[in-house]
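What follows is a single structure, written as structure tokens, with notes after it.
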Amino acid sequence: MNLFHKIGLAVAASAAFFAACSSDDDPFFARENDYLTFDCNEQTVEQSLQCDGAWSIDYDGNDDWIAVTPDSGVGNGELDFITVGVAYNRGGERTGTIYIDFAGHAYPIHITQGACDFAYGALSSAGTLVRGVESDFTLILAYANANGDESVALSCRMTGASEGLVAADCTFDKFQKGSGTITMPVTGVPAQTGEVFFELLVDGESKGTVKSTVVADPSSIVGGFPVWWDFSSESKPTLMADPHNYSWGAGSQYPCEDSAPSTDHKYLDWSDRGGYLTVVCSTASGWGYGEGHCYMKGLQKDDYWLMAFPVKNLKEGTRIAFEAAVGCSGSGARYYALEYSADGTNWFLAEGAETVTGVDGSTGPAHYTVMTDQALPNDKTPACGWASYTFPVEGCSVTDGLFYVRLRVSLDIRLNASATTYQDRLRTAQRDRQGVASRITNVRAERTGSAPSGNVE
């Protein structure tokens, strides 16, 4: 899946925390910012103001895409708050200004909203193609930054061993706000074995081609791939409202108590295959989001990020392609080992680990090393903790059930370790570090020594 880069909400602050406007003769008035910048999505941001007396909001005349609540109030000298919202922007960059009228003055807040950056991701697929068996194959096209009311015409060109398969032209109008997927079913009964190529067209424009294989023996098909969690493509407000968010942070779609076990806080996979991402951590103390990532607090040595998802016919020798990013604040854990399991109990170290040595002389395996103290990753680069591995499954197999992949803290060494302060765990009751963030974008299966038997992106 392609990584979508979204500008996200940015707040351009003035020189002081508040943009204060007053003279010796004027009553005091201060607003948090006099410039606000938004991306193209519908969103809101809370802003503070402080004054003593009545105030009201005035619009610039042509700014019906901007809304402020409340639009009036009476200050008592303490901090007050307003919510500035913008509608979805379908066109180019736009600007507007609102004014806070107070004591005979009009104090401006200038607003800029970025151009529409609706975008499609990579084309993928789900399901199997077996000769003589009704197809359950589906084309899947990811999108980002949608308003939710879009409608497109879908068509498909099939080449190769496509006899018996049908991909009927249709209209797709079930867009969600923000990110989601377009799906197009492929029906019929394959009449022959071999490779089939599917080219998806959206409003007559090609959005890519995927390949699959019609097989004679269904047991040769590895099912359940690809699976992904691509937090880097989403802003914090979008993630909080996403229906995949199952108790990850306050305000989620399915909240649970902070005192609940760490594994009650989950984020369902974006491929909608029945998988989830969670954390196994006895000292977990917080779940939430920053811009472009999820995080938790309290991760210590041998705790881990856990991804569990259903698979079929995952035999020894199947190669798994895995990519992820990890990051943390300065006192968070620096080293993570990539491991897998068929039962969630017996774990196997993936190929590609290096042996690392902490400042205390301890050693351990690591696939992921946090390289920066800028808290959390924002890009697919090694400097931001990104790495990819392709490894064979050895020592276990899954006929039909859950497969587990984890990123385990492998050394008790923090990112900003020194000779005297190096342990990643907190020695006080303080829980102010951000912990770790992870994004998983492409877990797929290939059979060793042959053409891919599952979906090809």
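Roughly how many Å is it from the Cα centre of region 201-217 to that of region 100-123, as a whole number?
For region 201-217 versus region 100-123, the Cα centre distance is 39 Å.
Please work out how many pairs of lysine residues in region 137-288 are eight or more positions apart (or on different chains) and have Cα atoms closer than 26 angstrom.
So the count works out to 8.
Would you kindly compute the Cα radius of gyration of region 119-220 and its largest Cα-Cα separation (Dmax), both in Å?
Radius of gyration, then largest Cα-Cα span, for region 119-220: 14.1, 43 Å.
Quote the relative contact order of region 16-174 in percent (integer), defining contacts as alpha-carbon pairs under 8 Å separated by 6+ residues.
In percent, rounded to a whole number, it is 19.
Considering only the other residues whose Cβ falls under 11 Å of the Cβ of Ala167, what net charge follows from Lys and Arg at +1 and Asp and Glu at -1? Don't jump to the answer; show the numbers that get you there.
On the way: positive: Arg157; negative: Asp169, Glu199.
Computed value for this residue: -1.
Taking region 38-147, which GluC sites (Glu not before Pro) meet the DSSP loop condition and have no more than 12 other C-beta atoms within 10 Å?
In loop regions of region 38-147 (DSSP not H, G, I, E or B), the sparsely surrounded GluC sites (Glu not before Pro) are Glu93, Glu134.
Multiplying the sequence separation of Thr263 and Phe348 by 0.36 nm and subtracting their Cα-Cα distance, what value in nm do you get?
Result: 28.5 nm gained on full extension.
Treat the count of other C-beta atoms within 10 Å as a stand-in for reagent exposure and order Ser247, Ser259 from fewest to most.
By the 10 Å Cβ count, ascending: Ser259, Ser247.
Fewest first, what order do His293, His244 take by the number of other Cβ atoms within 10 Å? Present the calculation step by step, with values, prior to reporting the outcome.
Details: His293 24, His244 18.
Ascending Cβ contact count within 10 Å gives the list His244, His293.
Find the relative contact order for region 175-317 and round it to a whole percent, using C-alpha pairs within less than 8 Å whose residues are 6+ positions apart. Display every interim value, and only then the final one.
Values: 230 pairs, mean separation 28.2, N = 143.
Here the relative contact order equals 20 percent.
Would you please give the FRET efficiency between His105 and Thr369, computed as 1/(1 + (r/R0)^6) with r the Cβ-Cβ distance and R0 = 51 Å, to the nearest 0.05? Could the numbers behind the result be given before it?
On the way: r = 54 Å, r/R0 = 1.07.
The value I calculate is 0.40.
Add +1 for every Lys or Arg and -1 for every Asp or Glu among the other residues with Cβ under 12 Å from the Cβ of Gly75, and state the total.
That sum, taken over residues with Cβ under 12 Å, equals -2.
Can you put Phe118, Phe309 in order, fewest other beta carbons within 10 Å first?
Arranged by neighbour count, lowest to highest, Phe118, Phe309 become Phe118, Phe309.
For region 140-185, which trypsin sites (Lys or Arg not before Pro) pass both filters: DSSP loop (anything but H, G, I, E, B) and at most 12 other C-beta atoms within 10 Å?
Lys174
Taking only C-alpha pairs under 8 Å that are 6+ residues apart, what is the relative contact order of region 119-220 in percent?
33 percent
Any read-out appearing in this document is the output of simple, stated calculations on the displayed coordinates, not a laboratory observation. Treat the numbers as computed from the prediction; the structure is a model and nothing was measured. Every residue, glycine among them, receives a Cβ derived from its backbone with ideal geometry; neighbour counts consider all protein chains shown.
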